[in-house]
Amino acid sequence: MKKTAIVRLRDDENMMAESTSIPLFERMPHLAERYPRNAIGQWPTPLLPVARAGMPAFDLKRDDDCHPVYGGNKVRKLEFLLGQALRDGRKRLFAVGYAGSNFTLATTLHGAAAGLHTTAFLLPQEPEPYVERNLLWGAAAGADLQLCDNELALALRVIRLGLRARWRDGVWPQWVPAGGSSEVGALGFVNAALELVDQYARQRRPLPQRVYVAVGSMGSAVGLAIGFALAQVPSRVVAVSVTPERYASATAMGRLALKLGRLCGVKDGADLVRRSVEWRPEFRGAAYGVPTPESA
């Protein structure tokens, strides 16, 4: 099972890597030199109109279709994060998340296809069927699953295993932030915003007034907001929070926006995000992964 999963990913990614042109690099070619991209996904992803009785019509951006084995929005960030790791000669990836983290699983699968081994540091989570599925799939794909009781235990284990990896490999592991939401990872969603603007232009349809996105680690929402600013379009990002405030808040979002804005040449990214992102924390459950009536 382990060998089959990794071989399938490699075969698919070789086919997908033929096109390296993306809207972000076409608009800002200098970023292609500073932030290499490991092509994984098939872009642009479909943009489909949805009509349901009793609901306003809306469009759905099908990022789950970006890869035939394991797609989803995580791939956009991983293209830049894996590109950074490969450029710097890393051999291992250290990723962090909850037990059922889709991001650590995506890191494991696509990292393995790039020749990088993943250690996943995982915090407790309410049991749901997908949690067991993701843990089993991660183990089958070769991840070193480190189940930690709390954040302090996780930090101590990261230090211990990081030192061990440095001694064994001769190079530090590449730290992959929760959800891939560093300014480098968020470049994937700056590109997503530019991609979306291009799709509406080709379809000769007006841009949406609002773009809704679930927010776990903030990179998706911040990247979209900066991307829309670069394209000079007024679309507003509605950020629906799904994680506790210590991981995602309007304040933390501003800090990430400041870093990403500097990288992309956008002045005062933090102020821009405050004006263009609508923060919606009121639908969070009692704990991560616990549904609410609204989310259901």
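The values are calculated or read from the model by the stated rules, or taken from the named source; none is laboratory data. In this text, all values refer to a predicted model and were calculated from it rather than measured experimentally. Cβ placement follows ideal geometry from the backbone for every residue including glycine, while neighbour counts extend to all protein chains displayed. Side chains included, ligands, DNA and RNA excluded: accessible areas come from the protein's heavy atoms. Shrake-Rupley method; radii C 1.70, N 1.55, O 1.52, S 1.80 Å.
Values computed for the structure shown
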{"quantity": "Per residue solvent-accessible surface (Å²) - the chain, probe of 1.4 Å", "calculated": "50 Å²"}
{"quantity": "Whole-percent carbon and sulfur share, accessible surface of the chain, 1.4 Å", "calculated": "54 percent"}
{"quantity": "Low-density loop cleavage sites - trypsin sites (Lys or Arg not before Pro) in the stretch 178-212, where at most 14 other Cβ are within 10 Å (DSSP)", "calculated": "Arg204"}
{"quantity": "Share of Cα-Cα pairs in the chain lying beyond 25 Å, as whole percent", "calculated": "48 percent"}
{"quantity": "Sparse-neighbourhood loop sites, chymotrypsin sites (Phe, Trp or Tyr not before Pro) in the stretch 236-296 - DSSP loop, at most 15 other Cβ within 10 angstrom", "calculated": "Phe283"}
{"quantity": "Inter-probe distance in nm under a simple model that places probes 7 Å from Cα toward Cβ, at Arg275 and Ala139", "calculated": "5.2 nm"}
{"quantity": "Isotropically averaged projected area of the stretch 186-296, using the convex hull of Cα atoms (one quarter of hull area), nm²", "calculated": "7.1 nm²"}
{"quantity": "nm² value of the averaged projected area, convex hull over the Cα atoms of the stretch 112-182", "calculated": "5.6 nm²"}
{"quantity": "Amide H within-cut-off set for Asp59, under 5 Å, with H built and near neighbours excluded", "calculated": "Val50"}
{"quantity": "Cα gyration tensor of the stretch 44-92 - equivalent ellipsoid semi-axes, whole Å, descending", "calculated": "34, 9, 8"}
